[in-house]
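Novice: Dropping a structure here in structure tokens format, bear with me for questions.
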Amino acid sequence: MSIARQYARIFGFIILAIGILGFVPGLSTGVTGSGLLLGIFAINPLHNLIHIATGLMALFAGYYADGSYARLYALVFGIVYVLITIAGFTQLLFINGSLLGIVPINTADNFLHLAIAAVALGVYILSGEQARSRAIS
Amino acid sequence: MRDAPIGEAAAMQLAGGARAASTASARSSRTDLVARSVIIGSGIAVCLLLAWGHLGLGAYLFPPAPSAPRQVAIAGPYQVTMSADSGQLLVGAHNSVSFVVRDRAGHAVNNAMIQIRADMTTMAMPVPPVTATPLGDGRYAARPLFSMAGPWRLTVTIADPGAPATHAAFDVSVRWNP
């Protein structure tokens with residue numbers, strides 16, 4: 001199975017579960033759907049719906065047409081999360097005025113988005129190399 | 001001569017097969033276009049939604065209604081009056097807020113430790129709490145930090161020596177810096 005297809009299927013289930021769990025009472029510190037998920041990640045109903053939508057798209061890309069669109073999904077959502085990560089960290093710098101004074105507000109979310117972006121783009125690059133080596137052999 | 005009808009039949013079969021393949025190919029390229037559009041479109045939608053909610057784009061385009069510059073709340077035996085001295089509260093740490101704390105008899109409470117904790121009401125965005133500076137005559141000044149525009153709740157904890165700590169809450173709206 002190609003790495004992109006594996007990634008889309010696994011990531012899809014994980015992020016879909018995170019979105020659904022965000023609505024489960026007791027798993028976030030605030031009222032249902034809001035607060036800090038697992039005490040770390042700032043969420044609200046909109047955030048949870050975004051996670052659910054991202055997960056469903058990943059599963060679509062990973063399963064439809066035998067995962068033919070998984071690599072495209074990895075590229076598109078890798079770019080999306082890179083943009084969001086940059087904007088998130090830039091906002092922190094702007095608010096506090098200095099790199100060393102980054103206030104740990106929503107930083108956990110920013111690092112999560114950075115990780116998602118890095119994995120997605122890494123999968124895109126690796127799946128390209130995988131396809132090329134298959135073509136050669 | 002006998003080959004001609006067979007040849008025509010074979011040609012017609014081939015033409016039919018080619019038409020079917022072309023139709024299937026067109027359908028397949030349409031399906032491919034739709035699938036790609038769905039993935040790219042959902043990526044754009046997710047990006048916009050994240051920017052709207054997670055980064056405060058919504059509050060930038062549609063600033064929240066201004067909150068009352070002066071609010072009064074009861075916290076146990078105290079009456080707490082909050083004033084936004086710097087005017088409309090903005091994102092950042094340059095806001096100036098003062099609190100006047102009086103007991104039930106109207107006397108100023110001067111020796112309390114006042115701590116202010118701010119958090120968004122739509123999303124958990126806790127910021128480091130700040131301790132207010134006593135100014136005398138029951139007045140305390142603080143400079144709370146707001147990291148994003150939108151609705152916030154200031155929870156004021158009043159710790160007077162010899163009395164249990166009490167809390168007062170004030171809902172305020174914060175806008176992006178123009």
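Novice: Taking a point 7 angstrom from the Cα of B:Val38 along the C-beta vector, which residues in segment A:49-72 have backbone N less than 13 Å away?
Specialist: Under 13 Å, as judged by backbone N against the label point of B:Val38, lie A:56-70 of segment A:49-72.
Novice: Cα centroid distance between segment B:23-84 and segment A:50-85, in Å?
Specialist: 20 Å
Novice: If you wrap a convex hull around the alpha carbons of segment B:64-178, what volume per residue comes out, as a whole number of Å³?
Specialist: Values: hull volume 10.6 nm³, N = 115.
Spread over its residues, the Cα hull of segment B:64-178 gives 92 Å³ apiece.
Novice: Here's a follow-up. Leaving ligands and nucleic acids out of the surface, order B:Glu8, A:Glu129 by accessible area at 1.4 Å, largest first. Intermediate results must be reported in sequence, preceding the final value.
Specialist: Details: B:Glu8 120, A:Glu129 95 Å².
The ranking, largest first, comes out as B:Glu8, A:Glu129.
Novice: Can you put B:Trp176, B:Trp52, B:Trp152 in order of accessible area, largest first, using a 1.4 Å probe?
Specialist: Heavy-atom accessible area, descending, gives B:Trp52, B:Trp176, B:Trp152.
Novice: Same structure again: Please compute the net charge surrounding A:Ile3, taking Lys and Arg as +1 and Asp and Glu as -1 over other residues with Cβ under 12 Å from its Cβ.
Specialist: +3
Novice: A:Ile15: accessible area at probe 1.4 Å, nearest 10 Å²?
Specialist: Per-residue accessible area (A:Ile15): approximately 10 Å².
Novice: In addition: Enter the accessible area of A:Ser2 (Å², nearest 10), with the probe set to 1.4 Å and all protein chains included.
Specialist: Estimated to the nearest 10 Å², A:Ser2 gives 30 Å².
Novice: How do A:Phe60, B:Phe146, B:Phe62 stack up against each other in accessible area, from largest to smallest, with a 1.4 angstrom probe?
Specialist: B:Phe62, A:Phe60, B:Phe146
Novice: When ligands, DNA and RNA are left out and all protein chains stay put, how many square angstrom of accessible area per residue does segment B:118-159 have with a 1.4 Å probe?
Specialist: Numbers: 1510 Å² over 42 residues.
Result: 36 Å² per residue.
Novice: Compute the accessible area of each residue in segment B:121-149 twice, once for its chain alone and once with every protein chain present, using a 1.4 Å probe on heavy atoms, and list those whose area falls by at least 20 Å².
Specialist: B:Thr122, B:Met123, B:Ala124, B:Met125, B:Pro126, B:Pro128, B:Leu145, B:Ser147
Novice: Roughly to the nearest percent, how much of the accessible area of segment B:43-114 is carbon and sulfur, given a 1.4 Å probe?
Specialist: 63 percent
Novice: Given H placed on each backbone N at 1.01 Å, which residues far from B:Ala75 in sequence or on other chains put an amide H within less than 5 Å of it?
Specialist: It is B:Val80, by chain and number.
The values are calculated or read from the model by the stated rules, or taken from the named source; none is laboratory data. Remember, it's a predicted structure, so these values are computed and weren't measured experimentally. Please note: Cβ atoms are built from the backbone with ideal geometry, for glycine as well, and neighbour counts cover all protein chains shown. Just so you know, the surface numbers come from the protein's heavy atoms only, side chains and all, with ligands and any DNA or RNA stripped out. Shrake-Rupley method; radii C 1.70, N 1.55, O 1.52, S 1.80 Å.
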